[in-house]
Amino acid sequence: MDEALDARLAALESEHDEVIESLADPDVLADSNRYRDLSIRHGELRAVVEGYRAYKAAAAELADAEELRDGESDAEMRAYLAGEADDRRSELASLETELRLMLVPPDPDDDRDVIVEIRAAAGGEEAALWAADLLRMYQRFAERHRWTVEPIDSSLTDSGGIKESTFAVKGRGVFSRFKHEAGPHRVQRVPKTESQGRVHTSVATVAVLPEAEDVEVEINDADLRIETFRSTGPGGQSVNTTDSAVRIIHEPSGITVSCQDEKSQLQNKLKAMRVLRARLYHQQLTEQLGERASARREQVGSGERAEKIRTYNFKENRVTDHRVGLTRHALADILDGDLEAFHEALRAREAAAALADTIAGT
């Protein structure tokens with residue numbers, strides 16, 4: 001364990017002991033508000049302190065085992081003590097990982113539902129076909145977690161590709177997983193239309209926005225320009241003969257949202273408002289962090305071939321996440337929604353960065 005982490009844990013242990021002592025103080029017992037606050041803080045600290053003390057106990061056992069091993073002349077006993085030392089070392093590594101995760105402040109948006117937007121970028125029709133593959137991958141990913149996928153809007157190509165698709169995903173901890181999918185996804189494969197078997201590179205971009213509640217984003221009706229138009233998507237004859245599709249322009253921000261998935265104009269308007277609210281909420285978060293670029297632009301990039309968060313190479317059966325340098329040779333499984341290995345590595349990176357910020361700020 002590095003010195004900064006040890007110092008942070010030692011400080012929390014001291015605070016924990018002080019809280020315990022304060023809870024026994026008669027003056028605190030007589031003050032219900034202060035007693036409640038200290039009780040809450042004790043609950044927040046208890047698991048971390050118990051883990052830290054378990055770590056220190058394991059470290060002491062490791063030191064004892066190594067000392068006994070080094071002083072032992074009998075080969076069999078020495079081997080036994082070496083095994084004990086290895087067990088303690090493994091236990092220490094596991095405890096340290098748990099402690100690091102416990103110290104990471106939770107992302108307040110992790111339990112939110114999400115709005116996901118997929119768009120074909122560089123690569124023409126092949127990019128649209130790739131966007132459709134990503135949509136299927138996320139549908140399968142959601143099924144694995146028993147989340148609900150709700151279509152909101154889509155624009156299809158004649159060959160079955162997707163120019164753009166917007167959908168919602170609902171369930172426990174959705175944003176905590178889907179947020180790792182935001183960015184340009186690059187595919188390298190031979191298109192079906194390629195007669196000479198040459199590998200092409202195409203890109204589709206993914207934006208992931210946490211859903212916002214009505215009370216979290218204030219939208220003035222006077223700032224909205226609402227247009228209706230005839231749907232061009234699936235849904236039957238009535239969809240194509242009535243102006244059921246809705247486009248909403250939020251004039252102060254310039255954000256435009258459309259929805260034509262439902263046959264009802266009202267339902268399309270409600271869905272479009274959800275997407276608008278999610279985009280505005282994300283924009284507010286960005287401004288609160290003091291960043292200038294919009295969160296969606298940062299997520300999707302420019303859509304050029306050189307940009308990517310992940311590359312899917314069909315010829316080599318290889319998928320590489322460039323953010324963590326992780327490669328898996330299991331393309332079919334990944335396109336079937338098996339994203340766990342990438343997400344675990346990304347969550348570990350996120351936790352390490354958050355912990356470093358937490359320690360640096362103390």
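The values are calculated or read from the model by the stated rules, or taken from the named source; none is laboratory data. Because the structure is a prediction, the values reported are computed rather than measured. Virtual Cβ from ideal backbone geometry, glycine too; neighbours counted across all protein chains shown.
Results, tabulated for the structure shown:
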| read-out | value |
| --- | --- |
| Filter result for THR228 (part of a strand (DSSP E or B), farther than 22 Å from ALA132 by Cβ and modelled with pLDDT under 85) | yes |
| Filter result for ARG69 (under 41 Å from the mean Cα position of the chain (by Cα) and assigned by TED's automatic domain parsing to the domain that holds ARG8) | no |
| Some residue of the range 279-301 being in contact with a strand residue (DSSP E or B) (Cβ under 7 Å, 6 or more places away or on another chain), at pLDDT below 80, crowded, with 18+ Cβ neighbours inside 10 Å and of a type in the set (Val, Ile, Thr) | yes |
| SER94 of a type in the set (Ser, Thr, Tyr) and within 33 Å of the chain's Cα centre (by Cα) | yes |
| Condition check for VAL217: surrounded by 16 or more Cβ atoms within 10 Å (Cβ to Cβ) and within 17 Å of the chain's Cα centre (by Cα) | no |
| Residues of the range 16-31 satisfying the condition of being under 30 Å from THR97 (Cα atoms) and surrounded by 15 or more Cβ atoms within 10 Å (Cβ to Cβ) | HIS16, VAL19 |
| Breaking point among (1) under 25 Å from LEU355 (Cα atoms); (2) at pLDDT below 90, for GLU67 | (1) |
| Residue check, ARG189 assigned by TED's automatic domain parsing to the domain that holds VAL319, among the charged types (D, E, K, R) and surrounded by fewer than 21 Cβ atoms within 10 Å (Cβ to Cβ) | yes |
| Options ARG46, ARG34: the member that is in the same structural domain as SER94 (by TED's automatic domain parsing) and under 20 Å from GLU98 (Cα atoms) | ARG46 |
| Total residues in the range 124-162, condition more than 19 Å from LEU335 (Cα to Cα), out of contact with any Gly (no Cβ under 9 Å at 6 or more places or on another chain) and either outside any helix (DSSP H, G or I) or free of Cβ contacts under 8 Å to residues at least 60 places away in the same chain (or both) | 6 |
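Yes or no, residue by residue, for (1) over 30 Å from ARG177 (Cβ atoms); (2) surrounded by 12 or more Cβ atoms within 10 Å (Cβ to Cβ); (3) of a type in the set (Gly, Ala, Ser):
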{"residue": "ASP70", "(1), (2), (3)": "yes, no, no"}
{"residue": "SER73", "(1), (2), (3)": "yes, no, yes"}
{"residue": "ARG78", "(1), (2), (3)": "yes, yes, no"}
{"residue": "LEU81", "(1), (2), (3)": "yes, yes, no"}
{"residue": "ASP87", "(1), (2), (3)": "yes, yes, no"}
{"residue": "LEU101", "(1), (2), (3)": "no, yes, no"}
{"residue": "PRO106", "(1), (2), (3)": "no, no, no"}
{"residue": "ASP109", "(1), (2), (3)": "no, yes, no"}
{"residue": "GLU117", "(1), (2), (3)": "no, yes, no"}
